[in-house]
Amino acid sequence: MKHKENGDDSLQPKDKLFTGVEAKQETPESPKAGPEGSTPSAPIAIEKPGAGAAEQRVDADGSPSSSGDHKPRTDEANPSVASKSVSAKKQQSFFGERPLPAIEMAPRVLRYRSRRDFLLFGTGTLAALAGGAFLLPQDTLTRIGIHRNIDSPAKEWFLNKALRIDDDVAEALYSGNRRVPTYTKSQITPLKNNYNGTTPDPGYVSGWTLTLDGLASGLSISLDIGNLITRFSLHEQITRLVCVEGWSAVAWWAGLRFDDLIRAYPPMSQAKWARVESSVNLDASGNPDPYFMSLDLATARHPQTLLATHFNGQPLTVDHGAPLRLVVPVKLGLKNVKAITRIAYVAEEPRDYWAERGYSRYDGI
């Protein structure tokens with residue numbers, strides 16, 4: 001064991017800390033050579049009971065060694081007494097993970113709580129399934145084997161409330177500065193003809209006009225496609241059209257901005273909505289089925305909202321709403337009215353074709 005030499009040439013043992021065990025006492029090593037002419041001493045190790053092995057210097061005749069340059073150690077006065085244990089307590093970090101407390105629980109109590117938790121989980125699962133079935137359409141319930149009709153006014157009320165909340169959140173998140181992604185021409189994908197009913201006969205195109213009502217002037221204005229193309233600048237954009245049915249397509253559109261039309265023909269001051277209509281729309285049997293849709297004026301003024309006149313670099317065909325259709329990339333496809341014939345500005349939210357059939361009114365993306 002190493003020792004540090006003090007100024008008085010005495011040797012002091014270096015302290016050591018132990019945890020949970022008794023400390024050992026050690027005596028200084030004997031000097032390599034004693035005073036000149038003295039008999040060399042031989043170190044003898046003496047085992048002290050209960051105190052570990054302690055070394056003591058003795059001469060050959062059994063008497064203790066008395067080296068002049070060593071002082072007797074005070075802690076060797078009673079070698080049979082062991083040093084006290086010193087515990088090294090580790091400081092607990094404020095953010096350190098603390099050990100979990102041990103919890104003892106009788107097996108009977110544990111079994112009772114396990115059964116109770118299992119029953120509660122099972123009851124909650126059944127309630128969730130029942131609630132989900134309550135909200136599913138009757139056709140879906142019939143396909144999965146539930147033939148009982150659970151349509152009710154309460155179900156209709158709940159679904160309408162849920163749609164209203166969804167619309168309110170989407171409207172609150174709307175920003176005229178947020179634009180949907182645009183794409184390159186190499187990313188264009190096919191766009192199918194998705195009229196709700198039968199595609200109208202092209203005969204209406206030659207006599208087509210756009211009627212504007214609800215203007216600040218109090219007048220009703222009629223514009224043909226020539227007026228729109230020559231008076232307003234055309235803007236191009238390649239955006240994604242997202243259908244409520246679950247499909248989407250990237251298409252290249254060109255037309256005048258709806259906001260430019262609003263600036264040229266301002267609506268009445270209290271107007272907050274636009275009712276966009278198509279009188280040439282047909283149902284699946286080919287009978288007249290006018291299409292009408294509500295659009296908030298904030299969305300109408302969005303820089304990516306177009307009254308499109310061209311598709312993929314060519315004038316619109318009847319399949320895609322010739323000669324004028326609405327393109328609203330921040331809304332679902334059902335808001336993108338084809339073959340528009342009338343736009344009316346109103347103060348209150350107008351009727352909406354699909355909202356009257358159980359769909360959302362706002363339909364924001």
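Restricting the search to region 183-208, which residues are in a loop (DSSP other than H, G, I, E, B) and surrounded by 14 or more Cβ atoms within 10 Å (Cβ to Cβ)? If you could, list the steps in order and put the result at the bottom.
In the first step, residues of region 183-208 are kept if they are in a loop (DSSP other than H, G, I, E, B); the result is 183-184, 188-201, 208.
Across region 183-208, the qualifying residues are TYR183, ILE188, LEU191, ASN194, TYR195, ASN196, GLY197, THR198, THR199, PRO200, TRP208.
Kindly indicate the residue of region 210-235 that is closer than 20 Å to THR305 by Cα and of a type in the set (Ser, Thr, Tyr) and also least open to solvent (accessible area, probe 1.4 Å) among those meeting that condition.
THR211
Of all residues in region 248-268, which are open to solvent by 50 Å² or more (accessible area, probe 1.4 Å) and either farther than 24 Å from LEU297 by Cβ or small (Gly, Ala, Ser) (or both)?
Across region 248-268, the qualifying residue is only SER248.
Please go through region 333-343 and give me each residue that is more than 24 Å from GLY203 (Cα to Cα) and open to solvent by less than 10 Å² (accessible area, probe 1.4 Å), ordered by number.
Passing the criteria: only LYS335.
List the residue pairs whose Cβ atoms are under 9 Å apart, where the first residue sits in region 240-259 and is polar (S, T, N, Q), the second is part of a strand (DSSP E or B), and the two are 6 or more positions apart or on different chains.
SER248/ARG240; SER248/LEU241; SER248/VAL242
Of everything in region 290-303 that's open to solvent by less than 30 Å² (accessible area, probe 1.4 Å) and under 14 Å from VAL337 (Cβ atoms), which residue is nearest to the chain's Cα centre (by Cα)?
Taking the candidates together, the pick is THR299.
Quick check on my filter: what residues within region 306-324 are open to solvent by 10 Å² or more (accessible area, probe 1.4 Å) and not in a helix (DSSP H, G or I)? Explain how you work it out, then say what you get.
Step one: filter region 306-324 for residues open to solvent by 10 Å² or more (accessible area, probe 1.4 Å), giving 310-320, 323.
Scanning region 306-324 gives HIS310, PHE311, ASN312, GLY313, GLN314, PRO315, LEU316, THR317, PRO323.
The values are calculated or read from the model by the stated rules, or taken from the named source; none is laboratory data. These numbers come from a predicted model, not from an experiment. A quick note on method: Cβ atoms are made from the backbone with ideal geometry, for glycine too, and the neighbour counts reach across all protein chains shown. These accessible areas exclude ligands, DNA and RNA; they are computed on the full protein's heavy atoms, side chains included. Shrake-Rupley method; radii C 1.70, N 1.55, O 1.52, S 1.80 Å.
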